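One structure below.
The values are calculated or read from the model by the stated rules, or taken from the named source; none is laboratory data. Everything numeric here is computed off the predicted structure, so don't read it as measured data. Glycine also receives a Cβ, built like all others from the backbone with ideal geometry; neighbour counts cover every protein chain displayed.
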Amino acid sequence: MLQDTNVNRAAQLINGPYREVLLLGGMTIGALVAIVTWLALFAWRPCPTAQGGPRRVERQSLMLELNASVTERRSARMDVWAPSPVAGAAPEQFPLVLYMAGWGMGREVGQCEGKFLASHGFLVVATDDVMADQAYADPLDEAARASWLDLSSDAAYEQTMTLAPRRALLAARKLTSMIDTLAQSPGLLRLPQGVRVATDRVGIVGFSFGGAAAAEAAILDKRIVAIANLDGWLFGAAADAVLPAPYLVFNSGESLPDPAALDGHDREARYNARLNLAEQHRQATQVAQRADAIRLLVAGSQHGDFQSGSAQWRRWLGYLKHWPHRPTPTQVRRILNDHLLAFFTAHLKLEGSPIPEKSPEAYPHLRRLGARPFE
C-alpha cells in the first residue's frame, strides 16, 4: 500500500501544478547534456576535423642545437610529426615541411597542419616564434626578438615598422639553420626506423608573422621551393621582392582593409587598415609576376581561424554569433588542409595540381583572387 501511495503522489506531481516545472527542468537538463556532448566532440578538439591521410603519425618534441649558419650558436624547440613507414617496405624519404608560428606564439598553433600533412607523407617540423628563444648578443637583434607587434600609437607603430624587418630576418635565419641541421644530422630527430627526411626540396608554412619569416627564408635559401602564408603581412626584403618560389597565400575576411578606418581617429584600426591595404597590393604584384602564385580569400573568416589550438570553442561561438556569414572552424580547416596538401604535393613531390581538383561548390566561402588588389 505504501508503494502504491508513493506512485500515486508521483503521478499527481507529474500531472498536477508542477508539470510545467518538471518539463522545463527536463528540457534544461537535456540541453545541458547536448551542449556538453557538443563541446566534448567538437569545440574542445584542437583540430576541428578528423580528416587525415593513410599514414599513422608519430609525434615528438625536442630541443636541438642548430648548426652555425649564423654568427652565434642557437637552439630551437621543435615538434616533429613523422609519417609511419609501410611495414616490410624499403626505407622511404619524406619531404620536409617547416612550420613557423606567429609573433609571440608557440609551435602548438601548427599542430593541425603537422598531423595532417604527416599523415599524407610529409615530415613536418614546427618551431616557436623567436620570442621564445634565448637572447641575442647583438643589442639590435635582441631588441627585435623581444619586441611586440604594437599599433596602438604613432610611436609604437614606428617602432614596430622599424624592428619587424630585422625580426623577420632573425626568424628566417632560424628556419634556414633548421634545414642545415636536419640535412647534416638527420639522426637527431630520432625518426621511426625506415623513415628518412629529404631536405633538397623544402616547403615552409607560416601563420601570421610566421608567413613573413617563411617568405624571407625563401630569399635566403634556394632549397625552399614552396611558401605558404596563412594571413601574414610581409616585412623586410620579401616585402619588396618577387618571391623566388611558388607562393600560396591565404587571406581572412579581416585582411581586407576597412575604407572607413584608413583615415579614422582610431590609431590601431587606421594602421591595421593601412598594412592590410599595402599587403593586398603586394599580393597582387606576386600574382601578376609569378604564374605559380595562388592568392585565396576565405570570406567571413577571422585571423585566428587559421591557427590550431585548444580554444576552438571560441571560434565555434564566433561562428554561431555571425551565422550564416562566417564559415565554421571545420570548413576553414578543410580549406587549409586540402590546399596545403595539393600545394606541397605539387611542388615537393612533383605530383598533381597545386590546387585541389574539386568543384567550387566544395568550398562555398573560398574565393581565388587575381592580379588586382581588390576584386
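Residues that are free of Cβ contacts under 8 Å to residues at least 24 places away in the same chain and either small (Gly, Ala, Ser) or part of a helix (DSSP H, G or I) (or both) within segment 184-206 comprise Pro186, Gly187, listed in sequence order. Exactly one residue among Ala288, Ala260, Ala241, Ala245 is at pLDDT 95 or above and out of contact with any Lys or Arg (no Cβ under 8 Å at 6 or more places or on another chain), and that residue is Ala245.
One residue stands out among those in segment 174-233 that are under 22 Å from Glu65 (Cβ atoms), among the aliphatic types (A, V, I, L, M) and touching a Lys or Arg at 6+ places or on another chain (Cβ under 9 Å): the one that is surrounded by the most Cβ atoms within 10 Å (Cβ to Cβ), which is Ala213. In segment 172-179, the condition of being touching a residue at least 60 places away in the same chain (Cβ under 8 Å) and in contact with a Gly (Cβ under 6 Å, 6 or more places away or on another chain) is met by no residue.
When every residue of segment 136-148 is checked against the conditions, none turns out to be in contact (Cβ under 8 Å) with a residue 60 or more places away in the chain and either within 17 Å of the chain's Cα centre (by Cα) or assigned to a strand (DSSP E or B) (or both). Specify the residue that is surrounded by the fewest Cβ atoms within 10 Å (Cβ to Cβ); the eligible residues are those in segment 80-119 that are aliphatic (A, V, I, L, M) and in contact with a Lys or Arg (Cβ under 9 Å, 6 or more places away or on another chain). Top of the filtered list is Val86.
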